[in-house]
Amino acid sequence: MLAARPVALGILLGMAPASHLVSRRTLVRRLVRNGILVSGLILAALGVGATGYHFLDNLPWLDAALNAAMILTGMGPVNPVDSTAAKLFAIVYALFSGVFFLTMVAIVLAPALQHFLHRFHLELSEQESRKPHAPGPTQMRQNAEHGAAQHPGGPQQRGRQ
C-alpha cells in the first residue's frame, strides 16, 4: 500500500510516470494551470490582507491593498500601523506572507523543474546503457578479496608469480 501512495500523489499533482518524458505541450499546459492557480491564490491572499488593513487600521482600500501587496512580496508596509489589532494582524499576515510567497514560487516552477530533472534522468539513463558496465566499489572489493585469496603473499607476491 505504501508503494502506491507516491504514484497516486504524482497523478494528483499531474506528474508523469518515470518511464517517459512529457511533451512540451504538456509542460506548457501544466505551467499555465499552475500559473492560474497561483494567481488566484495570490489574489485571495491580497484580498485578505487588504481587508484586514482596511478594517483594522482604517486605511483606504487602495492604501490597504498597497500595504498588503508590499507585505506579501516581502518589501514591508508602506503606511505605519497604528492600532493594536492592526499590529497583531500585520504580524500574522507578515508571517503567513513569507511562507506563502515562497510556496507560490515553488508551485509555479514545479512543472519546469520536474521536466528538467526528468529529462536529465533520461539522458543519464541513455548514457549509462550505451557504455560498458564498469565494476562498482562492491565488485572491486570482491575482486580484490578474491585475488588476495589466490595469492597469499598479497599484492607484492602477484607480480613475482
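Quick note: the coordinates plus some simple rules give every number you see, no bench work behind them. Every value quoted in this text rests on a predicted model; they were computed, and no experiment measured them. All Cβ positions, even for glycine, are placed from backbone atoms using ideal geometry, and neighbour counts span all protein chains on display.
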*Where does each of Arg30, Arg24, Arg119 land when they are ranked from fewest to most other beta-carbon atoms within 10 angstrom?*
Arg24, Arg119, Arg30
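Which of Asp57, Asp63, Asp82 has the fewest other C-beta atoms within 10 Å, and how do the rest follow up to the most?
By the 10 Å Cβ count, ascending: Asp82, Asp63, Asp57.
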